[in-house]
Amino acid sequence: MKPRIAIDAGHGGTDHGCDGHGLIESVLTLPLAKDVVSRLANSAAVEPLLLRIDDSRIELHERAAIANREGCDAVVSLHFDSAAPDRDWTAVYWHRGDTCGQALARKIQVEVEAAGRRCRAYCTDFLVMSPDRGREPGFPRALVLTDCYWRDGLPTCLVEGGFLTSAADCRWLEEHGLDVLATAIVAGVEAWAGKDRR
Ligand SMILES: [Zn+2]
């Protein structure tokens, strides 16, 4: 049987996520998710599920509940990031212990890099040393996003497509970045579904 994969368009409704240079996160994630799902619709390798179908707000725990109810084997959660203006790359994340999510993230990373775009890969509870607080998660927001699925037993790859705080990334997204991301995510998901899923 083909594995079922949920494609989660991050944010939505009154939750817009981050924004920058005229772009809004929730407005980018929905068409990207729809594009990925439509390209996977006839895939021999996977069966896709569009987790958010319109501009509505769905809480994180509800997203996990929908994916589980629909019998999904894994989730690709689509987001865009904000940080210092000189950061401009794609990043993939998985939760510690989620070897399936890690395999999925690595396959997507390979495809993004093959398209000539820098892509970093991280475990979300990667710890950093803070001068006043001691060891703390280096990616607190990414940790929340992978944790909501992983806690419910769903392997997850979080894709942060680019930084809306970066003028270069926003230009790239407006030109052909969304298409590059969709192509890479589709190829990565199909490669992951074919073998080495754990
Ligand atoms: Zn986000």
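Any read-out appearing in this document is the output of simple, stated calculations on the displayed coordinates, not a laboratory observation. Fair warning: this is a prediction, and the values are worked out from it, not measured in the lab. With ideal geometry, Cβ positions are generated from the backbone for all residues, glycine too; neighbour counts draw on all protein chains shown.
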Original post:
Separation of the stretch 162-185 and the stretch 123-156 by C-alpha centroid, Å?
Top reply: 25 Å
Subject >> Fraction of antiparallel bridges per DSSP, the chain only, in percent to nearest 5 >> reply: 35 percent
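Calculate, in nm to one decimal, what ALA114 and ILE53 gain on full extension: separation in residues at 0.36 nm each, minus their alpha carbon distance.
Details: separation 61, 0.36 × 61 = 21.96 nm, distance 2.94 nm.
Full extension of this stretch gives 19.0 nm more.
Which value, in debye to the nearest 20, gives the size of the charge dipole of the stretch 88-198 about its Cα centre, when Lys and Arg are +1 and Asp and Glu are -1 at the Cβ?
Dipole about the Cα centre, nearest 20: 400 debye.
Using the count of nearby Cβ atoms within 10 Å as a rough guide to exposure, how do MET1, MET129 rank from fewest to most?
MET1, MET129
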Original post:
How high is the relative contact order of the chain, in percent, counting Cα pairs under 8 Å that sit 6 or more residues apart?
Top reply: 29 percent
Subject >> Computed over the stretch 4-194, Cα set: Rg, Dmax in Å >> reply: 15.4, 52
Subject >> Neighbour-count order for PHE80, PHE126, PHE163, fewest beta carbons within 10 angstrom listed first >> reply: PHE126, PHE163, PHE80
Original post:
Counting Lys and Arg as +1 and Asp and Glu as -1, each charge on the Cβ, what is the dipole of the stretch 4-194 about the Cα centre in debye, to the nearest 20?
Top reply: 420 debye
Original post:
Stretched out fully, how many nm does the piece from VAL128 to ARG69 gain, at 0.36 nm a residue minus the Cα gap?
Top reply: 17.7 nm
Original post:
Toward the positive end of the charge dipole of the stretch 56-198, about the Cα centre and with charges on Cβ (Lys, Arg +1; Asp, Glu -1), which of ILE66, GLY162, SER82 goes farthest?
Top reply: ILE66
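Given the DSSP H assignment, sum -39500 (n - 2.57) over each helix run of at least 4 residues in the chain and divide by its residue total; what's the result at 222 nm in deg cm²/dmol, nearest 500?
-12000 deg cm²/dmol
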Original post:
For LEU143, LEU60, what ranking results if the residue with the fewest other Cβ atoms within 10 Å of its Cβ goes first?
Top reply: LEU60, LEU143
